[in-house]
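Worksheet: one structure, shown below.
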Ligand code: ADP
Ligand code: MG
């Protein structure tokens, strides 16, 4: 039993619509009726007029008011797609792009991928006929590479602008720039009710069009004391709501797939135990990697007499609107990228969400009727421990990729790029330095083209990108799975093992059966192949030759060293320490080098579970560090401090490597 204390009235305001449509009524309505019932509908003409009169317009509206699904349709209906011109609408999240496109195709009455389509990484669901294209913000950025003025678009909608993802922020700068010499291009910046003045200000005081909200009051409850285990607290709260509260669906915010799966399993298990003592509880997960047929389920209406509980990531905060939610459970956490400029390392960590986020989450309970939001933290924590708003991603990320992308768009002066919130100067300089050190930029700051084993490195990069989901280890076949994994071990380290797995899979003709027999996850392999193809395509576009080292593994390991020289660890008496910061780290037990313990290692990433583990390690020769990063390492740092030689099983393998 969790004790909640009542209650602030939520910051939500008006009660414009006195009675909510009951769900059954909504289901009976035709699609057109539903469209007409959305808050944006009465503003159709005013909005179209404003778009006609202004090149850039900021649009603000409560989540669920119809910005994403309706406005592009208004534009189509009034001819913005004439002459085959496209309307593009960006979304920070893949799932949102797919799901919204599917919904709109249905509303328009066309097959998804024909007039209405979507484009996300590795999945292009558009055709020559597509005039309305939903896409991730990253995909539109990529389009700048092939069409720098976006000539095929008549309107670009930067949706969910308040999310301030890295890609969206860069789009702001690029689109503001092209809008100057493309007066015919319409730019709409759409956002939930947050920060809109700032967008207006950035886009030279573009007018803000406000769609009045339809929001019912939401009662907010806090816990009396902090919850030690928020996952368990979620489960208990859902069941508490289910048995004590009137009908209405429930939405739970968690931080990622693993948590969501655990929560769903726990809920299902407890419901099974309660059996027929309680009415039916439909438990539905939603997160980015969920197969799309499963994703669609969250939108299907709840059968009478039962209750739906959707367990979601941040995706349900503003990107997706699920009708019928009356109860929200908010543990107050989200997964956030964070960047440590000192170590140059980026990591995803679970952190308290911001107050702005928490208020958005609460708002999800008040869309169809008055609702309740249960916060699994104290009112004190809300006021004193949470940040006011989320820091834009650009300020907490490694800028290496951004710099590469902008450079490949021919933008050389990054210091003066028009950022809405410029990244910290040091971070930008550090990124430039790193890229220079890596040999990706020359002394003029231009992109370079060096590589001698790109064939293998492409594969390794692709395999690393599907990280940690290659090997399948079912609980009931642990011994078989471990043996199968052992069979892939080759000298050099985990990167070489990944290369070996991929090569063997390729030789099997990309066989599913082969994966099955070798305890390899087919889905991950397919994804690695997609990533690889895409990288190869990019290399082709910038005319970098794909060539193989011909079985010699030294160049491959050197290439990894060149890319990750700042991830070096050295074995000394007490175990491994990172070279620059003397941080104690451990080889992950799953690593092929777990027992060998070579003197020098490069790790792909550090993960903290019970200890600070290095995941995906490769053995290197310390002299390579001076070769590839002379500016970073001094000879002295690389001398072996202990005079006593470490016992080395490794010796033999090393000689074989040459
Ligand atoms: P906004 O962008 O302003 O937050 P949307 O246009 O996304 O609003 O949502 C408008 C309506 O469309 C909501 O009632 C929502 O439930 C519905 N909707 C959106 N996507 C889907 C979908 N995939 N399936 C069913 N309904 C959807
Ligand atoms: Mg939207």
Using beta carbons and a limit of 7 Å, which pairs, at least six apart or on different chains, have the first residue in the stretch 145-160 and touching a residue at least 40 places away in the same chain (Cβ under 8 Å) and more than 15 Å from residue 411 (Cα to Cα) and the second one in a loop (DSSP other than H, G, I, E, B) and within 16 Å of ligand 1 (Cβ to nearest atom)?
160/92; 160/319
Within the group 85, 76, which residue is at pLDDT 95 or above, more than 10 Å from ligand 1 (Cβ to nearest atom) and either over 18 Å from residue 190 (Cα atoms) or touching a helix residue (DSSP H, G or I) at 6+ places or on another chain (Cβ under 7 Å) (or both)?
85
Residue tally, condition more than 16 Å from the chain's Cα centre (by Cα) and either within 16 Å of ligand 1 (Cβ to nearest atom) or at pLDDT below 90 (or both), over the stretch 296-331
16
Residue among 58, 104 that is within 16 Å of ligand 2 (Cβ to nearest atom), at pLDDT 95 or above, part of a helix (DSSP H, G or I) and buried (at least 19 other Cβ atoms within 10 Å of the Cβ)
104
When you scan the stretch 366-379, how many residues do you find that are surrounded by 22 or more Cβ atoms within 10 Å (Cβ to Cβ), farther than 14 Å from residue 245 by Cα and at pLDDT 95 or above?
3
Consider residue 65 carefully, then state whether it is surrounded by 22 or more Cβ atoms within 10 Å (Cβ to Cβ) and either away from ligand 1 (no atom under 15 Å from the Cβ) or at pLDDT below 95 (or both).
yes
From the options 365, 358, residue that is part of a helix (DSSP H, G or I), in contact with a strand residue (DSSP E or B) (Cβ under 7 Å, 6 or more places away or on another chain) and more than 16 Å from ligand 1 (Cβ to nearest atom):
358
If you go through 157, 175, the only one that is within 16 Å of ligand 2 (Cβ to nearest atom), surrounded by 20 or more Cβ atoms within 10 Å (Cβ to Cβ) and under 28 Å from the mean Cα position of the chain (by Cα) is 157
Out of all the residues in the stretch 487-507, is one or more more than 20 Å from residue 619 (Cα to Cα), touching a strand residue (DSSP E or B) at 6+ places or on another chain (Cβ under 8 Å) and at pLDDT below 95?
no
Among strands (runs of 3 or more DSSP E) lying entirely in the stretch 215-308, which contain 2 or more residues that are within 24 Å of residue 95 (Cα to Cα) and in contact with a helix residue (DSSP H, G or I) (Cβ under 6 Å, 6 or more places away or on another chain)?
249-253, 281-286
Condition test on residue 471, is it over 29 Å from the mean Cα position of the chain (by Cα), buried (at least 18 other Cβ atoms within 10 Å of the Cβ) and closer than 30 Å to residue 599 by Cα?
no
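The values are calculated or read from the model by the stated rules, or taken from the named source; none is laboratory data. Predicted model, so just to flag it, every value in this text is computed and none were measured. Because the Cβ atoms are built from the backbone with ideal geometry, glycine has one as well, and the counts that use them run over all protein chains shown.
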